[in-house]
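The values are calculated or read from the model by the stated rules, or taken from the named source; none is laboratory data. The structure presented is a predicted model; accordingly, all values stated were derived computationally and were not measured. Positions of Cβ are backbone-derived with ideal geometry, glycine not excepted, and every protein chain shown enters the neighbour counts. Heavy atoms of the whole protein, side chains included, go into the accessibility calculation; ligands, DNA and RNA do not. Shrake-Rupley method; radii C 1.70, N 1.55, O 1.52, S 1.80 Å.
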Amino acid sequence: MLWGLLALLIPILIHLFNFRRHKLVYFSNTAVLRSIQQENAKTRKLKYLVTLLLRCLFIAALVLAFAFPYRPEKQLNVNAEDNLVGIYIDNSMSMKGQSQRTTMLEDARQSARDLVHQLNPSNRYLLMTNSFEMQNEYPMNQEEMLDQLDRMNPDGAPVAMGEVMDRFEMLSHQHGFATSTLFVYSDFQSNTFDLSAAKADTTMQVVVVPMMPEYKANLYIDSVWLASPIVQVGLTNDLMVRVVNQGDKEVKGLPVNFTMDGTMTASTTVDLEKNGSAEIAMQFVVNHGGEQHCSVSLTDHPITFDDAYHFVLRVKPSLSVVELGEKASPCALIFEDDEQFHYTLMVPSRFDLGTLAQAQLLIVNETARLNETLQQALLDAVAEGASLMVFPSVDDPKNNSYLYGKLGLKLIEPDTNTTAVEDLAWKHDFFSDMILDMPQYPDLPKVRRHVRLGTNGIPASLLTLKNGDPLLLSEPVGKGQAFVMATALDARWSDFSDNALFVPMMVKTAFVGGKMDCLSYTIGNDKILVLNDLNLEGDHSFLFANSDRSFELMPASDVRNGKVNLYLNDDLPAAGFYDLLVNDTVNRVTAWNESRVESKMDFVERDDIAPAFEKAGFEVAAVLDTNEFATADLVSAMAHQSSHWKLFALIALLALLGEIAVLRFWK
């Protein structure tokens with residue numbers, strides 16, 4: 001292209017040889033010429049010289065722009081003997097979005113194959129994905145790399161870019177390479193493009209290959225939760241669903257379906273504003289106990305990984321109620337002969353931690369005298385989701401003071417004045433579905449003796465006496481709820497056990513403690529599962545498997561304080577339901593969903609990617625397109641990326657504008 005500089009002779013020749021023909025004008029009186037303002041000859045020559053220079057600058061800059069001058073220091077180390085070539089392909093769900101040809105993930109895979117074919121066959125390669133598979137993280141030759149690209153796992157959880165950079169740097173040094181070059185194929189979602197934790201490596205070159213999605217709109221199920229934590233057979237409940245529209249167009253009448261064990265349970269439609277969300281309620285009734293495989297879904301294309309949300313409703317056939325005391329209280333009459341409950345009376349001197357940990361309701365009656373170890377065990381059980389009802393000791397109200405202190409209560413003194421309940425917080429969540437309306441003159445419990453309790457203002461008073469003292473206090477403890485009564489069930493203290501309020505209140509307390517287990521887990525996020533309802537003896541093994549047993553994963557495990565901790569070192573392959581087998585027997589079903597981190601179609605701008613890497617201390621050799629590996633060799637692509645053609649094109653444009661300005665305005 002530099003031969004085009006010979007065109008500079010054209011304006012020079014025009015300047016040297018003026019081919020204009022002179023026209024002879026006859027004047028009858030030469031005095032007219034004297035009235036014409038004469039132009040300075042030197043100014044005229046300077047004007048012609050400036051015009052000549054601008055024309056030459058225009059031609060020279062235009063030729064240089066087409067010649068693609070580039071910075072030679074931007075050459076890659078890909079063919080150096082001691083250089084490791086790494087290829088990172090973001091295999092998260094967002095990469096399955098539509099591209100101009102197929103999907104971004106397949107475009108990245110094919111582009112990586114083209115790259116490996118073009119490079120020196122003696123190079124050593126390393127394949128990086130979000131799955132961090134061990135079989136890919138060792139130096140491979142060309143054939144092995146091509147084979148691993150074909151076998152690459154297409155399903156990976158979102159991973160921060162900083163983690164990928166750190167892992168590649170670690171592997172490069174671990175295998176003894178002096179330098180490394182990492183080709184990064186990703187759609188660069190804003191939520192995962194985080195380099196804050198990355199440690200810069202001056203021996204690493206980065207080549208960025210952004211993958212651009214064809215569509216950036218997405219509809220998805222963000223989350224689900226239960227309106228009431230109590231799920232029992234025959235009880236109506238509401239499933240709350242949050243639906244999001246990540247697009248610049250509003251959506252009307254979007255169908256949302258709720259299935260339970262493969263059967264349609266509820267269906268509704270939702271209207272969504274552009275870039276908005278909505279919460280809908282779907283009513284359902286569980287007809288039988290056990291585990292219900294549930295899914296909420298919508299239909300949206302082409303991004304489908306977040307169109308369904310899976311969860312498990314685990315309805316216990318009976319709730320475990322443990323009463324601590326030397327003898328049974330009137331509570332036994334409620335729970336002992338009811339099929340919904342499994343009642344156990346436990347003498348404090350012979351308590352069993354395993355039974356306490358699996359109980360949904362723990363009752364400390366007026367005959368219980370507990371040591372500090374047992375009192376702390378009760379608090380630990382409540383923190384894991386159980387509910388606790390504490391009645392004061394009739395022998396000495398100061399018994400179990402450790403428990404009261406941990407709940408933020410202080411025993412002041414007993415009050416022997418007869419009084420009655422004056423106020424009932426019937427609009428509180430505890431009573432709201434138990435009492436639909438309060439009569440004008442309700443029959444509320446009468447109290448002959450009660451313990452005055454000092455509070456720090458945290459526990460909520462559900463029942464209040466006429467003298468202003470609280471009778472029933474409620475306070476959340478971890479995942480559970482603690483209830484403290486200021487009077488005992490003994491007839492000498494109150495008639496509470498004979499009041500119509502007693503039975504529904506105690507049953508509701510048990511239901512509150514019967515909260516559901518975790519509805520679902522998130523692939524890639526939930527690496528540790530804690531199970532506190534397993535009673536294991538002897539050797540045991542755990543296994544996650546899908547329904548047809550085509551996939552199995554054995555997690556690491558340990559048992560601490562009666563709790564089983566499962567550690568998932570590898571991710572599950574896809575969203576859905578997986579059986580948890582204990583000693584080859586199905587113990588429960590777990591539901592898993594893809595992370596919604598990438599559901600928001602927000603991507604880093606192409607021009608902002610390289611500066612972000614450079615700000616983190618990495619050397620960015622180039623920002624390339626996938627088709628540049630297929631249509632040109634790598635050296636040409638690098639030259640194109642590092643060229644100054646835009647600068648010279650701008651200079652040519654300015655020279656042309658300057659010439660126009662000189663000819664038009666220089667008089």
Task: Restricting the stretch 348-372 to residues that are modelled with pLDDT under 90 and of a type in the set (Ser, Thr, Tyr), the residue that is most open to solvent (accessible area, probe 1.4 Å) - done: Ser349
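Yes/no per residue for (1) open to solvent by 10 Å² or more (accessible area, probe 1.4 Å); (2) under 25 Å from the mean Cα position of the chain (by Cα):
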| site | (1), (2) |
| --- | --- |
| Ala80 | yes, no |
| Met95 | no, yes |
| Tyr125 | no, no |
| Thr129 | no, yes |
TODO: Would you point out which residue out of Ser557, Ser595 is hydroxyl-bearing (Ser, Thr, Tyr) and open to solvent by less than 30 Å² (accessible area, probe 1.4 Å)?
DONE: Ser595
- [ ] Show the residue pairs that are 6+ apart or on different chains and have beta-carbon atoms under 6 Å apart, the first residue being within the stretch 144-164 and closer than 16 Å to Lys96 by Cα, the second being among the charged types (D, E, K, R) and in a loop (DSSP other than H, G, I, E, B).
- [x] Ala157/Asp571; Pro158/Glu598
Open item on the list: Can you tell me which of (1) open to solvent by 50 Å² or more (accessible area, probe 1.4 Å); (2) in contact with an Asp or Glu (Cβ under 6 Å, 6 or more places away or on another chain) is the one Asn141 doesn't meet?
Closed with: (2)
- [ ] Can you tell me which residue among Thr181, Thr269 is over 30 Å from Leu119 (Cα atoms) and not in a loop (DSSP other than H, G, I, E, B)?
- [x] Thr269
- [ ] Taking the residues in the stretch 423-458 that are surrounded by fewer than 19 Cβ atoms within 10 Å (Cβ to Cβ) and among the β-branched types (Val, Ile, Thr) as candidates, determine which candidate is modelled with the lowest pLDDT.
- [x] Ile458
Open item on the list: Can you find a residue that is part of a helix (DSSP H, G or I) and either in contact with a strand residue (DSSP E or B) (Cβ under 8 Å, 6 or more places away or on another chain) or farther than 23 Å from Leu378 by Cα (or both) anywhere in the stretch 474-489?
Closed with: no
Task: Identity of the residue in the stretch 567-596, assigned to a strand (DSSP E or B) and touching a His at 6+ places or on another chain (Cβ under 8 Å), that ends up farthest from Leu313 (Cα to Cα) - done: Val582
Task: Cross-chain or 6+ apart pairs with Cβ under 8 Å, the stretch 483-511 first and buried (at least 22 other Cβ atoms within 10 Å of the Cβ), then of a type in the set (Asp, Glu) - done: Val484/Glu475; Ala486/Asp469; Ala488/Glu366; Trp493/Glu366
Task: Subset of the stretch 318-358 [among the small types (Gly, Ala, Ser) and in contact with a His (Cβ under 9 Å, 6 or more places away or on another chain)] - done: Ser318, Ser320
TODO: Test Asp90 against the stated conditions and say whether it is out of contact with any strand residue (DSSP E or B) (no Cβ under 8 Å at 6 or more places or on another chain), surrounded by 18 or more Cβ atoms within 10 Å (Cβ to Cβ) and modelled with pLDDT of 90 or more.
DONE: no
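Quick one: would you say Met170 is surrounded by fewer than 17 Cβ atoms within 10 Å (Cβ to Cβ), of a type in the set (A, V, I, L, M), over 27 Å from Leu298 (Cβ atoms) and without any contact (Cβ under 8 Å) to a residue 60 or more places away in the chain?
Numbers: surrounded by fewer than 17 Cβ atoms within 10 Å (Cβ to Cβ): yes; of a type in the set (A, V, I, L, M): yes; over 27 Å from Leu298 (Cβ atoms): yes; without any contact (Cβ under 8 Å) to a residue 60 or more places away in the chain: yes.
When the stated conditions are applied, Met170 passes them.
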TODO: Quickly run through the stretch 111-121 and pick out the residues that are among the polar types (S, T, N, Q) and either out of contact with any helix residue (DSSP H, G or I) (no Cβ under 8 Å at 6 or more places or on another chain) or surrounded by 21 or more Cβ atoms within 10 Å (Cβ to Cβ) (or both).
DONE: Ser111, Asn120
Open item on the list: Restricting to the stretch 285-333, count the residues that are modelled with pLDDT of 90 or more, surrounded by fewer than 19 Cβ atoms within 10 Å (Cβ to Cβ) and either farther than 24 Å from Leu519 by Cβ or among the aromatic types (Phe, Trp, Tyr) (or both).
Closed with: 6
Open item on the list: Show the residue pairs meeting these rules: Cβ distance below 9 Å; 6+ apart or different chains; first residue within the stretch 118-141 and over 22 Å from Pro573 (Cβ atoms) and modelled with pLDDT of 85 or more; second residue among the hydroxyl-bearing types (Ser, Thr, Tyr) and in a loop (DSSP other than H, G, I, E, B).
Closed with: Leu126/Tyr138; Asn141/Ser122
- [ ] Of the numbered conditions (1) over 25 Å from Phe183 (Cα atoms); (2) open to solvent by less than 70 Å² (accessible area, probe 1.4 Å); (3) in contact with a Leu (Cβ under 6 Å, 6 or more places away or on another chain), Ala616 fails exactly one; give the number of that condition.
- [x] (1)
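Just name the residue that is farthest from Ile14 (Cα to Cα) out of those in the stretch 59-78 that are open to solvent by 60 Å² or more (accessible area, probe 1.4 Å) and modelled with pLDDT of 80 or more.
In the first step, residues of the stretch 59-78 are kept if they are open to solvent by 60 Å² or more (accessible area, probe 1.4 Å); the result is 62, 66, 68, 70-73, 75.
Now drop any that are not modelled with pLDDT of 80 or more, which leaves 62, 66.
Numbers: Leu62: 19, Phe66: 25 Å.
Once the filter is applied, the top-ranked residue is Phe66.
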Task: Residues that are under 44 Å from the mean Cα position of the chain (by Cα), outside any helix (DSSP H, G or I) and among the hydroxyl-bearing types (Ser, Thr, Tyr), drawn from the stretch 351-399 - done: Ser387
Task: Residue selected from the stretch 249-284 under the condition surrounded by fewer than 14 Cβ atoms within 10 Å (Cβ to Cβ) and touching a Ser or Thr at 6+ places or on another chain (Cβ under 8 Å), by the criterion nearest to Ser599 (Cα to Cα) - done: Pro255
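From the list Leu8, Leu46, Leu16, pick out the single residue that is under 30 Å from Trp645 (Cα atoms) and modelled with pLDDT of 70 or more. Before you say what the answer is, go through the steps one by one.
Details: Leu46 fails: under 30 Å from Trp645 (Cα atoms); Leu16 fails: under 30 Å from Trp645 (Cα atoms).
Going through Leu8, Leu46, Leu16 in turn, the sole match is Leu8.
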- [ ] Report yes if some residue within the stretch 564-579 is over 30 Å from Asp194 (Cα atoms), open to solvent by 20 Å² or more (accessible area, probe 1.4 Å) and among the hydroxyl-bearing types (Ser, Thr, Tyr); otherwise report no.
- [x] no
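Taking the criterion of being of a type in the set (Lys, Arg) and modelled with pLDDT under 90, would at least one residue in the stretch 459-478 satisfy it? If you could, list the steps in order and put the result at the bottom.
Here is the first cut: in the stretch 459-478, the ones of a type in the set (Lys, Arg) are 466.
Of the ones still in play, those that are also modelled with pLDDT under 90 are none.
No, the conditions are met nowhere in the stretch 459-478.
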TODO: Evaluate the following for Asp201: is it touching a residue at least 60 places away in the same chain (Cβ under 8 Å) and in a loop (DSSP other than H, G, I, E, B)?
DONE: yes
Open item on the list: Just to verify a result, which residue in the stretch 548-563, among those that are of a type outside the set (Lys, Arg) and out of contact with any strand residue (DSSP E or B) (no Cβ under 7 Å at 6 or more places or on another chain), is nearest to Ala359 (Cα to Cα)?
Closed with: Gly562
Task: Residues that are in contact (Cβ under 8 Å) with a residue 40 or more places away in the chain and not in a strand (DSSP E or B), drawn from the stretch 272-303 - done: Val286, Asn287, His288, Gly289, Leu298, Thr299, Asp300, Pro302, Ile303
TODO: Exactly one condition in (1) within 19 Å of Ala368 (Cβ to Cβ); (2) more than 44 Å from the chain's Cα centre (by Cα) is not met by Lys466; state its number.
DONE: (1)
